[in-house]
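Quick notes on the structure that follows.
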Amino acid sequence: MRSDKFSRSLMRENQLTSDDLILPVFVLDGIKKNEPVQSMPGVSRLSLDLLLKKIHEAQELKINAVTLFPVIEDQYKSENAHEAFRDDGLVQNTISAIKKEFPDMGVITDVALDPYTSHGQDGLIDKNGYVLNDETVDVLVKQALSHAEAGADVVAPSDMMDGRVGAIREALESHDKKNIKILSYTAKYASSFYGPFREAVGSKNNLGNASKDSYQMDPANSDEAVHEALLDVNEGADILMVKPAGLYLDIIYKIKKEFNKPTFAYQVSGEYSMLKAAAQNNWLGEKATVIESLLSIKRAGADAILSYFAVDVAKWLRDDSH
Ligand code: PBG
């Protein structure tokens, strides 16, 4: 069966298409700003005008959705993250600008406080630096609502607090936002592969040597991921997400099998940087390894994948089909 191209094609079980891809983007204040992220060659922080061009390119390549991460200037960061839910904050304005120009592009937003806190944690902290669950959930609800009001299609809590999916779902229902979807970062591990992202959004220095171990999951655990997913499903999550992706294929498989829900995976910044660095050194072929990495995530059970390679991959797939 493997001897001929036709029979290999006929028995192929999984196919990667642009329908599988979600593009994560970084937005900063200003105009005509393009700041390359040093640890993620090929990825830049863009001001809105340039971001809209990028989104136009993504739309032309049939990418269905983008997920938005803001770079917040230090002067707007605070202990209590009040910038996170301002009606005309950077994210809120960006959402409405994208939806105005590209109504069909799905806009997914990150619900977490780390770009907005002076200490770089995803939530509010007590005097010992411990992240406070319930106090944080109150702010996350305001943040999610402000995204929904601005026109977001999907809100994606990435903070790993308990009870936030239920609280956000209730707030959306009572504010006439019933069709706004919740993409829950269900199994988000306390991974060392987020380093380049923290450089990109500028939370790295704020966080310093502190860790997120008191709320993100221990990489040693897998049953716990099922437990987390059960909580989120019962609270009304529409989509479950596993993050990182490539090192956690067993978790993707398990969650998809257990719940049969839409399941997404996030190929995170460190996964991108590893592949990119090896490709730049000609140690690995970029196109083949990137496609293999995404196909493996899909084979494990992911219905869609957030990847910084999304635009490149969509181009490769388009060119191959001609
Ligand atoms: C934080 C957040 C992180 C990422 C997405 N949202 C980093 C973290 O938890 O510290 C990481 C994404 C990536 O590494 O590409 N809310």
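What follows draws every value from the coordinates through simple rules; no lab data is involved. Note that the structure is a prediction, hence the values are computed from the model and not measured. Reconstructed Cβ throughout: ideal geometry from the backbone, glycine too, with neighbour counts over all protein chains shown.
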Note on the stretch 252-273: residues in contact with a Phe, Trp or Tyr (Cβ under 8 Å, 6 or more places away or on another chain) and not aromatic (Phe, Trp, Tyr) are Ala265, Gln267, Val268, Ser269, Gly270, Glu271
Within the stretch 187-228, which residues are touching a His at 6+ places or on another chain (Cβ under 9 Å) and among the hydrophobic types (A, V, I, L, M, F, W, C)? Leu207, Ala210
Would you point out the residue of the stretch 250-296, among those that are within 14 Å of the ligand (Cβ to nearest atom) and among the aliphatic types (A, V, I, L, M), that is surrounded by the fewest Cβ atoms within 10 Å (Cβ to Cβ)? Met274
Return the residue satisfying two criteria in turn: it lies in the stretch 64-91 and is over 16 Å from Gly202 (Cβ atoms) and touching a strand residue (DSSP E or B) at 6+ places or on another chain (Cβ under 9 Å), and of such residues it is surrounded by the most Cβ atoms within 10 Å (Cβ to Cβ). Val66
Selection count where residues are within 20 Å of Leu275 (Cα to Cα) and not in a loop (DSSP other than H, G, I, E, B), scope the stretch 34-44: 2
Take the stretch 158-174 and flag every residue that is away from the ligand (no atom under 16 Å from the Cβ) and small (Gly, Ala, Ser). Gly163, Gly166, Ala167, Ala171, Ser174
For the stretch 219-322, list the strands (runs of 3 or more DSSP E) that sit wholly inside it and hold at least 2 residues that are of a type in the set (Val, Ile, Thr); which are they? 239-243
So which of Ala156, Ala152, Ala144, Ala190 ends up being under 18 Å from Tyr266 (Cβ atoms) and without any contact (Cβ under 8 Å) to a residue 40 or more places away in the chain? Ala190
Scanning the stretch 124-156 residue by residue, the ones that are of a type outside the set (Gly, Ala, Ser), surrounded by 24 or more Cβ atoms within 10 Å (Cβ to Cβ) and touching a Ser or Thr at 6+ places or on another chain (Cβ under 6 Å) total 2
The correct count of residues that are part of a loop (DSSP other than H, G, I, E, B) and surrounded by fewer than 21 Cβ atoms within 10 Å (Cβ to Cβ) in the stretch 94-123 is 6
From the options Ile55, Ile22, Ile31, residue that is touching a residue at least 12 places away in the same chain (Cβ under 8 Å) and in a helix (DSSP H, G or I): Ile55
Among the listed residues Ile239, Ile255, Ile251, identify the single one that is out of contact with any helix residue (DSSP H, G or I) (no Cβ under 7 Å at 6 or more places or on another chain) and within 23 Å of Gly166 (Cβ to Cβ). Ile239
Confirm whether Ile180 is closer than 16 Å to Val141 by Cα and away from the ligand (no atom under 16 Å from the Cβ). yes
Could you list all residues from the stretch 178-199 that are in a loop (DSSP other than H, G, I, E, B) and out of contact with any strand residue (DSSP E or B) (no Cβ under 9 Å at 6 or more places or on another chain)? Lys178, Asn179
Those residues of the stretch 191-227 which are within 18 Å of Thr136 (Cα to Cα) and near the ligand (Cβ under 9 Å from one of its atoms), in sequence order: Ser203, Leu207, Lys212, Gln216
